[in-house]
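The values are calculated or read from the model by the stated rules, or taken from the named source; none is laboratory data. This is a predicted model, so every value here is computed, not measured. Here Cβ is always computed from backbone atoms with ideal geometry, including for glycine, and neighbour counts include all displayed protein chains.
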Amino acid sequence: MLLSITLFLWVFVVLLLLLLLQPLFLMMIEPSPLMAREGFSFLVPFTTLEAPLRFFTFLRMFFSHPYNFAGRYDLVRFIKLVQQAGLYVHLRIGPYVCAEWNFGGFPVWLKYVQGISFRTDNEPFKAAMQKFTKKIVDVMKSEKLFQTQGGPIIMSQIENEYGPVEWEIGAPGLGTGVPWIMCKQEDAPDPIIDTCNGFYCENFKPNKSSKPKMWTEAWTGGTMAGQILGEQLLVSSLPLAMILTLRLMNTVHVFNSKSACAAFLANYDTKSPAKVAFQNTQYDLPPWSISILLDCKIEIFNTAKKYQKILAPKVHRMKMTPVNGGVFSWQSSNEQTVSADDSDTIARDGLWDQISLTRDASDYLWYLTNVNIQPGEAFLKNGQSPTLTIMSAGHTLHIFINGQLSGTTYGSLQNPKLTYSGNVKLRAGINKISLLSVAVGLPNVGLHFETWNTGVLGPVTLKGLNEGTRDLTNQKWSYKVGLKGESLKLHTLDGSSSVEWVEGSSLATKRPLTWYKTTFNAPAGNDPLALDTSTMGKGEIWVNGQSIGRHWPGYKARGNCGGCSYAGIFNEKKCRTNCGEASQRWYHVPRSWLKPSGNSLVVFEEWGGDPTGISLVKRIAQ
């Protein structure tokens, strides 16, 4: 017994000493290229000190990641504002939320917890999930925000769209006093309520008759091009008088009161149109469509017809109109390319996964190497430049040769992997190859998506030399996380004063890797504001130091924009419009972020655009 106690005390003392002496250990070894850029470290195994460093990784997971509820992350304040507005809350805790959100809502450090497997019966994952879920529930309870405490939270959701993963985690059992739901999981265990996700949920049934039928995520598929809705037809206040089944596939829902009547004619046949007779009038309904009858007589809208004038008095179209003259006075500053010889890079053999180095603290990672070309190379005389081929796991890649842009390529949502192959201009002697790999968000869904890679993983080859093809994959590469402008915080007022800016005739346009800044006054009124970025390529925008998002108008919408018919069951390929146009043109500027005057606007342009075409616009109803 005494021996056991003594052994325990020795182990405890050793671990305590390792914890206290951690800074000394970190000074004794070369900084890891897998070190997080967020103020904490997850270290890869080393040949020395491996056990204590792995132990510290475990400790940091649970103790070095404080929760951030400050500023825009103030969840309690948000829910209290919702309550003040007289609304209720469905609190979707997750921690996995999907939601087309970066990494499905998971923090990137979670990926590097030893032995973890996301969304499975895995002890490291379940421990992290339980810790987060309990934290959120405890915060909500302490502020009395659940409905049973007088708060607005009437439901909570654990996880999201778990059906494809099929692991029953069991009821959370955290005593919230409100129902727990899980969407898109048919075998959700009691007492969790399974709910519907999709375009259509009319045939959905929960897995037990005692559970309510709920539709928690409606896939609208966007808006129908050119459709206009009026404000007169407010049927929610009208009692349902009757439902008429005219035949197997056709029904009429009639709402009426003493002063108004509205009817909904439905054709449930997915392939055949129908002629529906109602109150001595015949109506033509395309397949799988609903017509709305004003005063139970006049068809003012059908869900399958592309455009029709709505016979209602208050009809509005939204228009984006320039304000403050619509233009800005810009200054520019160039972002310098990086080379393997720069002092602030990390050298390693071979190619490394991008996120393992950046930890998503930046979208950008430089892959840097040198290539020595002998004076006797034939291509120097015959002019047939060698071909550089690069294979990357995604998502965007810019190739610089000796500081000059040589090419750009990017993947797609369906296939983020990419291959660049192009002729490059090399000279005798040392040539600097600088590859800027850009992530445009991390995967949010998919089986074991935490194992997916990003960045240049090779092979990287140079073809057309006297030796044939030279493989650059396993040679020495250097790495630099992020851009110089990011480290200088050029998007902030203080940071922007650290570099020189030019303007007027010296303003850089159509130049890749360029920073722009200007100031503007807040327009009068309360109309929603946005920036029209149609003349730009790709990058990010900040207003008063806060990011309004990545812009990418250079990414053009692709597909078939031919004929349009909404008849039949909907899918996302129906009635496409604006093919060849920017996938997004306007970027919202919250008025709450603005001062009356002197607002700063900073744009980083990655591809090369014309900032003089950017304008501030407001959305108004016509």
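Summary of computed values
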quantity	calculated
Identity of the residue in region 506-538, small (Gly, Ala, Ser) and under 18 Å from residue 608 (Cβ atoms), that ends up nearest to the chain's Cα centre (by Cα)	537
Unique residue being outside the structural domain of residue 100 (by TED's automatic domain parsing), assigned to a loop (DSSP other than H, G, I, E, B) and of a type in the set (A, V, I, L, M, F, W, C) when the list is 460, 440	440
Residues (surrounded by fewer than 21 Cβ atoms within 10 Å (Cβ to Cβ) and either touching a helix residue (DSSP H, G or I) at 6+ places or on another chain (Cβ under 9 Å) or among the hydroxyl-bearing types (Ser, Thr, Tyr) (or both)) located in region 479-488	482, 487, 488
Filtered residues of region 336-366 (kept if over 29 Å from residue 549 (Cα atoms) and either crowded, with 19+ Cβ neighbours inside 10 Å or in contact with a Leu (Cβ under 7 Å, 6 or more places away or on another chain) (or both))	340, 351
Given (1) surrounded by 14 or more Cβ atoms within 10 Å (Cβ to Cβ); (2) assigned to a strand (DSSP E or B), index of the condition residue 419 fails	(1)
Flag if residue 299 is at pLDDT 90 or above, of a type in the set (Asp, Glu), touching a strand residue (DSSP E or B) at 6+ places or on another chain (Cβ under 6 Å) and surrounded by 17 or more Cβ atoms within 10 Å (Cβ to Cβ)	yes
Single match in 409, 419, 454 (criterion: in contact (Cβ under 8 Å) with a residue 60 or more places away in the chain and among the hydroxyl-bearing types (Ser, Thr, Tyr))	454
Top-ranked residue of region 580-622 - restricted to ones that are surrounded by fewer than 17 Cβ atoms within 10 Å (Cβ to Cβ), over 22 Å from residue 527 (Cα atoms) and modelled with pLDDT under 95, ranked as farthest from the chain's Cα centre (by Cα)	580
Candidates 91, 75 - the one that is closer than 19 Å to residue 162 by Cα and either of a type in the set (Ser, Thr, Tyr) or at pLDDT 90 or above (or both)	91
Within region 368-391, considering residues that are of a type in the set (A, V, I, L, M, F, W, C) and assigned to a strand (DSSP E or B), the one nearest to residue 463 (Cα to Cα)	388
Tally, over region 585-616, of residues that are touching a Lys or Arg at 6+ places or on another chain (Cβ under 9 Å) and of a type in the set (Val, Ile, Thr)	2
Selected residue (criterion: farthest from the chain's Cα centre (by Cα)) from residues of region 396-443 that are under 17 Å from residue 462 (Cα atoms) and charged (D, E, K, R)	427
Qualifying residue in region 408-420 (condition: more than 27 Å from residue 372 (Cβ to Cβ) and among the hydroxyl-bearing types (Ser, Thr, Tyr))	yes
Failed item, numbered, when residue 369 is tested on (1) surrounded by 18 or more Cβ atoms within 10 Å (Cβ to Cβ); (2) under 22 Å from residue 538 (Cβ atoms)	(2)
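Quick grid of which residues meet (1) in contact (Cβ under 8 Å) with a residue 60 or more places away in the chain; (2) assigned by TED's automatic domain parsing to the domain that holds residue 454; (3) part of a loop (DSSP other than H, G, I, E, B):
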position	(1), (2), (3)
103	yes, no, no
110	yes, no, no
116	yes, no, yes
131	yes, no, no
134	no, no, no
137	no, no, no
